[in-house]
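What follows is a set of notes on a single structure, which appears directly below.
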Amino acid sequence: MNKIVKNAEEAIIGVSNGMTLMLGGFGLCGIPENSLKALAESGIKDLVCISNNAGIDDFGLGVLLRDRQLKKMIASYVGENKEFERQFLSGELEVELNPQGTLAERIRAGGAGIPAFFVPAGYGTEVAQGKEVREFNGKMHLLETALTADFAFVKAKYGDYSGNLIYNNTANNFNNMMASAGKITIAEVEELVPTGELDPNQIHTPGIFVQRIFKGTGYEKRIEFETVR
Amino acid sequence: MALDKNGIAQRIAQELKDGYYVNLGIGIPTLVANYIPDGMEVTLQSENGLLGIGPFPEKGKADPDLINAGKQTVTATSGASFFDSALSFAMIRGGHIDLTVLGAFEVSEKGDIASWKIPGKLVKGMGGAMDLVASAKNIIVATTHTNRKGESKLLRKCTLPLTGVACVKRIVTDLAVLDIVEEGFKLIERAPGVTVEEIKNATEGFLFIDGDIPEMNI
């Protein structure tokens, strides 16, 4: 089966209004830049987006936000986006904030076929509202449910024609779990190589989780806070 | 005299032990890394997916694919490892992190902490703070004793949305080191030159004073 698509425009075929999407990355690190650009240009709207962050005002998910393509965001930290804050406070955008580890585990569980699980994070806080509470080992836990998506968009450093992926440094972050939690997972990679060229010992995401793959172009890899010695 | 941010970080560094795996939050906690005693092996964890945070990169050497949880460019130490965020929180939730240091807007005498949201004003999100406070074996809060308006941040009860309940063990402020005990905030140490009276005046919650209170050794 051929998983290779030409570019982001071809990769996003099938994404339509109102769908739930997962977008990998932490801040601007490891975000699927090409796919995000194609989604912004497509004008597809009423999207529910699951992403740890919401990009910045003029880059990443921030562009979709600016153009009012998002109906709802499920995220953990959205601090560096003024437009997000404005839309949230005015009620234009529905927002569900999750503790980061809970968000990561909900996605992992979604990909692993675990419908729900208990975690201590958020007990006694507003995150606990409406959730089942149960005590294990003398500690209170919240029942959290799994997340899946119609499409998951991930970005890796290397990929092969079979969809195997290798991430670079901290650009793995949410990408690995999201790859497993998308009904259709689209991987964009910096280098796309023929099957067999990647060392099987080094694969982070096995190809079974990836349905479409393409070589991205023109990566900007913007840095949010360049901090030096 | 009250400590500055670096002084708070320096005092917290005295809590470190050889072999510790530590998660440092954004702000004052990050500065603790500057005061790890020579010869002590402390491994810093970043919840986005890095165990072994190194110093900030040299100018011109920043790697956009290598950041900490505060989204700042960092380096990785020799012996570091990278992983996805689910595994990262397995380290945290699973109790593998020895010490968590984080900032706060408010702490209550029961050890509740509010650090992530000011209703109607600031929408940032909790990030990994709720996971960290719910699961770390030992949590130290690094904060100024009072806010910019001079109001105490050490309260009977938190007024802001909580990050976690009954989880803080120790608080290091610009004025004092305090432990959360059954009675409330137990005064452990004073900042150099700061009187018990000054600490009492800056603490809204119950301050439990047992005997002579030594000065911090910094």
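The values are calculated or read from the model by the stated rules, or taken from the named source; none is laboratory data. What you are looking at is a predicted structure, and each value in this text was computed from that prediction instead of being measured. Positions of Cβ are generated from backbone atoms using ideal geometry, with glycine treated the same way; all protein chains shown enter the neighbour counts.
Could you list, in sequence order, the residues of segment B:64-83 that are touching a Ser or Thr at 6+ places or on another chain (Cβ under 8 Å), of a type in the set (Ser, Thr, Tyr) and more than 7 Å from chain A (Cβ to nearest Cβ)?
If the condition is that a residue be touching a Ser or Thr at 6+ places or on another chain (Cβ under 8 Å), of a type in the set (Ser, Thr, Tyr) and more than 7 Å from chain A (Cβ to nearest Cβ), then B:Thr77 is the only one that fits.
Give the residues of segment B:126-138 that are crowded, with 24+ Cβ neighbours inside 10 Å and either of a type in the set (A, V, I, L, M) or out of contact with any helix residue (DSSP H, G or I) (no Cβ under 8 Å at 6 or more places or on another chain) (or both), sorted by residue number.
Within segment B:126-138, B:Met126, B:Ala129, B:Met130, B:Leu132, B:Val133, B:Ala134, B:Ala136 qualify.
Checking A:Ile203 against (1) farther than 20 Å from B:Phe83 by Cβ; (2) surrounded by 14 or more Cβ atoms within 10 Å (Cβ to Cβ); (3) free of Cβ contacts under 8 Å to residues at least 40 places away in the same chain: exactly one of these is not met. Which one?
Evaluating A:Ile203 over (1) farther than 20 Å from B:Phe83 by Cβ; (2) surrounded by 14 or more Cβ atoms within 10 Å (Cβ to Cβ); (3) free of Cβ contacts under 8 Å to residues at least 40 places away in the same chain leaves (1) as the failure.
Between residues in segment A:102-121 that are farther than 24 Å from B:Ala136 by Cβ and residues that are β-branched (Val, Ile, Thr) and part of a loop (DSSP other than H, G, I, E, B), which pairs lie under 7 Å by C-beta distance while being six or more apart or on different chains?
Cβ pairs passing all conditions: A:Gly110/A:Thr148.
Can you give me the number of residues within segment A:80-91 that are within 8 Å of another protein chain (Cβ to nearest Cβ) and surrounded by fewer than 18 Cβ atoms within 10 Å (Cβ to Cβ)?
Counting residues in segment A:80-91 that are within 8 Å of another protein chain (Cβ to nearest Cβ) and surrounded by fewer than 18 Cβ atoms within 10 Å (Cβ to Cβ) gives 1.
What tally of residues in segment A:110-137 results from selecting those that are assigned to a loop (DSSP other than H, G, I, E, B), more than 22 Å from the chain's Cα centre (by Cα) and not β-branched (Val, Ile, Thr)?
Here the count works out to 8.
So which of B:Arg148, B:Arg170 is surrounded by fewer than 16 Cβ atoms within 10 Å (Cβ to Cβ) and either at pLDDT below 95 or in contact with an Asp or Glu (Cβ under 7 Å, 6 or more places away or on another chain) (or both)?
B:Arg148
Among the listed residues A:Ile166, A:Ile56, A:Ile107, A:Ile74, identify the single one that is under 17 Å from the mean Cα position of the chain (by Cα), buried (at least 24 other Cβ atoms within 10 Å of the Cβ) and not hydroxyl-bearing (Ser, Thr, Tyr).
Being under 17 Å from the mean Cα position of the chain (by Cα), buried (at least 24 other Cβ atoms within 10 Å of the Cβ) and not hydroxyl-bearing (Ser, Thr, Tyr) holds for just one of A:Ile166, A:Ile56, A:Ile107, A:Ile74, which is A:Ile107.
For B:Ile213, all conditions in the list (1) farther than 25 Å from A:Pro99 by Cα; (2) outside any loop (DSSP other than H, G, I, E, B); (3) among the aliphatic types (A, V, I, L, M) hold save one; what is the number of the exception?
Exception for B:Ile213: condition (2).
Can you list the strands (runs of 3 or more DSSP E) found entirely within segment B:1-107 that contain at least 3 residues being of a type in the set (A, V, I, L, M, F, W, C)?
Counting at least 3 such residues, we get B:50-53, B:76-82, B:99-102.
When the residues of segment B:165-194 are filtered to those that are assigned to a loop (DSSP other than H, G, I, E, B) and closer than 17 Å to B:Ile218 by Cβ, which remaining residue is farthest from the chain's Cα centre (by Cα)?
So, considering only residues that are assigned to a loop (DSSP other than H, G, I, E, B) and closer than 17 Å to B:Ile218 by Cβ, the one farthest from the chain's Cα centre (by Cα) is B:Gly193.
To keep it simple, each residue is scored yes or no on (1) within 7 Å of another protein chain (Cβ to nearest Cβ); (2) on the phi > 0 side of the Ramachandran plot; (3) surrounded by 21 or more Cβ atoms within 10 Å (Cβ to Cβ).
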residue: B:Glu47; (1), (2), (3): yes, no, yes
residue: B:Ile53; (1), (2), (3): no, no, yes
residue: B:Ala62; (1), (2), (3): yes, no, no
residue: B:Ser85; (1), (2), (3): yes, no, yes
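State which residue pairs qualify: first residue part of a strand (DSSP E or B) and inside segment A:86-100, second residue among the polar types (S, T, N, Q) and surrounded by 21 or more Cβ atoms within 10 Å (Cβ to Cβ) in any location, beta carbons under 9 Å apart, and separation of 6 or more residues or different chains.
The qualifying pairs are A:Val95/A:Gln87; A:Leu97/A:Ser76.
Only strands (runs of 3 or more DSSP E) wholly contained in segment A:138-229 count here; list those with 1 or more residues that are of a type in the set (Lys, Arg), within 14 Å of chain B (Cβ to nearest Cβ) and touching a strand residue (DSSP E or B) at 6+ places or on another chain (Cβ under 6 Å). Steps first, please.
On the way: elements: A:139-145, A:149-160, A:182-193, A:212-215.
Fully inside segment A:138-229 and qualifying: A:149-160.
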